[in-house]
1. Quote the convex hull volume per residue of the stretch 674-713, based on C-alpha atoms, as a whole number of Å³.
2. Roughly how big is the stretch 117-177's charge dipole about its Cα centre, with Cβ charges of +1 (Lys, Arg) and -1 (Asp, Glu), in debye to the nearest 20?
3. Any lysines with Cα under 17 Å of the K418 Cα? List them, leaving off those in the same chain fewer than 8 positions away.
4. Tally Lys/Arg at +1 and Asp/Glu at -1 over every other residue whose Cβ is under 12 Å from the Cβ of A291; what's the total?
5. Quick one: longest stretch of the chain between exposed loop trypsin sites (Lys or Arg not before Pro), exposed meaning at most 10 other C-beta atoms within 10 Å and loop per DSSP?
6. Just subtract the alpha-carbon distance of K418 and F634 from 0.36 nm times their residue separation and send over the number in nm, one decimal.
7. Report the longest stretch of the chain that contains none of the GluC sites (Glu not before Pro) sitting in a DSSP loop with at most 14 other Cβ atoms within 10 Å.
8. Taking 2.2 N^0.38 Å as the expected size of a compact globular protein, what ratio does the Cα radius of gyration of the stretch 599-663 give against it, to two decimals?
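Rule-based calculations on the coordinates, nothing more; no lab input. As the structure is a prediction and not an experimental result, all values here were calculated from the model. Here Cβ is always computed from backbone atoms with ideal geometry, including for glycine, and neighbour counts include all displayed protein chains.
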Amino acid sequence: MSKDSQTPPRTVPVLVPLPAERPYSYAVPDGMSVLPGSIVRVPLGPREVAGIVTGGETDSVDAKKLRSISAIFDCPPVEPQMLRFIQWAADYTLSPPGMVARMLLRVPAAFDPEPPIPGLRYVGVRPDRLTEARSRIMELAEDGMAWTRSGLAHAAGVSLTVVDGLKAQGVFEEVMIPPRPVVALPDVAYARPDLSPDQRAAADMLVENVSTQAFSVSLLDGVTGSGKTEVYFEAVAKAIEQGRQVLILLPEIALTQQFLDRFHDRFGAKPAEWHSDLAPRMRERVWRQVAEGQVRVVAGARSALFLPFCDLGLIVVDEEHDPAYKQEDRVFYNARDMAVVRGHIGSFPVVLASATPSIESQVNAEQGRYKRIRLSARYAEAAMPDLKTIDMRRSPPPPGRFLSPVLTGAIAKTLERKEQALLFLNRRGYAPLTLCRVCGHRFQCPSCSSWLVEHRFRGQLMCHQCGYHEPTPQSCPSCGALDHLVACGPGVERIAEETSAAFPDARIIVLSSDLLGGVKRLRLELEAVAKGEADIVIGTQLVAKGHNFPDMTLVGVIDADLGLANGDPRAAERTFQLLNQVTGRAGRTGRKSLGLLQTYQPDHPVMRAIVSGDAQAFYAREIEERERSGLPPFGRLAALIVSANSRGEAEGHARGLRRAAPSSPEIAVLGPAEAPLALIRGRHRFRLLVHGTKRADIQAFIRTLLASGPKERGSVRVQVDIDPQSF
Ligand code: ADP
Ligand code: ZN
């Protein structure tokens, strides 16, 4: 036996994208140098996967089963703070660290980096004879920049043979051109705005935070149109000046093209985008260039938190209250909260911006954990829209219609002035419920506990939970009656039908997430609206977010009560935020504007708060109520969702877990009860709520409960949702 074979192989722990609690050990091949944070490719069963090295090398004890790292990804190792962030997120959300790491490792082609392309560079030797065509090429090439052969010919407007001729003379050398940066460097001095005194004061505070390069959280709070974006751009500029990277989180990044343009107007370059609609090649480029530090500013969806920043120095969470920041799939997390943790781990400031901050952030600001920075008025002469309720009991629409005479009148006046109206209804499709007038049959999804929604443009009945759809039948499947199906209640398509009947000459655009043509089409439509190419826009909540429509002077909310009915303690807060946001679309450029809320409850605190503009009183009341009932942020909550193929199995398992709950003076387990969506895709769901005091260690409690209770078996699955959205 040689001496070598007795030396135990060097091994490293590698976290792989699996529901594994611990990293696996892999041998490091001779000559390969890996560091904590290195991204590697490792064999896993019959496959190979990307993994992340989480620690230093040790000598293996058990060499037999050991497999070797097959490749190392040629980019800088991920920062140690990212590893700590992954571990923290795993502990907090009670997810296996591998599943959190998976969010970082989701770059499919990462191991085959984009190859450099061959190019030509001027070597300083003049051509022997300078024709007209040749001199045009020389003009371009003289500064020593590398060009591709065809790029050079094309730019000079000459044929390839001219380029080849010069090359044959030794005027050019062959070089490799590295992949192009996905975005240019932002220029902090490109177009500094003149800030109002209010904005200046707010910006100075944020800039000061960035200068100290220490952890802090600021809540930038100001009505829609108060200029929050311009203010936090100053903080972004400061971070860039300091050579650090910046992450701006946005709730609907795929649809906020306008945001990218605004950033460009300010910094002379776009930020890198990060969201699920990016093409795979682009994802890979952004990922790499973030890791290498070439990309300085990322504007992204929540998943951008798991990009491998090499020197992150600021996170801005815009519209921090938005429910879209909550991921409810595999790892359940709220990106707003995780951003704060990321800032803490990385010792840099975090800015939360909103016109209607979440109750959680409000309380954090009141209790001094967050610094509150307020902008009190709209920027320049833009006034807030005049907001009024329409009491639907007094001004009811004609039978079978949904627009009250008051709203119809307001639309008519808006059209006369050649301005735009937005009609908002947070319901896709034509009608939320279809039934048979003869036998009362209701159309239900075969695999979910939800009604099928009629989509008349598509001629389909569709389930909004699972996507199941069928052609809208002529006759009732239950009693066979022909042409007796009735639509109950409105969706945006039905409002469009009513509106075009009332205003036949108006140009009407319906915007909802099921628009045929997807995100691309939506972007185009949003642009068209901003350019004034529509008179009436009818849309779901995706029109409420962040868009700037200069000609929009009327916002009509078709059913302001819609979100209030579901009995969730968060319903009032959410409805307030949504109504505030959508009415904020009106009057952003100084013209007189109006927001009308159709409601059957004009005295509801939410409606009063919107109409009076007195958000503070509303928040105070909501906060008091939360405090009285010990709900977040005054207490802690988690949900355990138990799902199974049969109702009995799901319920039985949930009961078993309940019985296994340790007794605790600080924590109570409620339920099981049917989950808010009791059946999705054929899976029956029950829910246990774990409610603790502020100090309770709810994670430890749930860990014990899961360890001592019945194990997942057969079709049964248990998902943990810390800080659930609805409770
Ligand atoms: P918010 O983010 O608070 O909704 P924005 O930052 O979008 O507000 O500002 C509202 C409008 O006012 C935008 O059109 C913006 O370009 C303009 N604006 C805000 N501040 C300034 C400024 N200092 N100079 C010029 N325009 C500004
Ligand atoms: Zn369904």
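1. Values: hull volume 3.7 nm³, N = 40.
Value for the stretch 674-713: 91 Å³ per residue.
2. Details: 7 positive and 8 negative charges, 20 e Å.
So the magnitude is around 100 debye.
3. K531, K592
4. Numbers: positive: R285, R288; negative: D74, E79, E284, E292, D311.
Net of charged neighbours comes to -3.
5. Working: sites that count: K3, K64, K65, R129, R393, R394, K418, R695, K711, R713.
The answer is 419-694.
6. Numbers: separation 216, 0.36 × 216 = 77.76 nm, distance 4.94 nm.
Full extension of this stretch gives 72.8 nm more.
7. Details: sites that count: E21, E142, E381, E533, E712.
The reported range is 143-380.
8. Details: Rg = 19.4 Å, N = 65, 2.2 N^0.38 = 10.7 Å.
Cα Rg divided by the expected 2.2 N^0.38 Å: 1.80.
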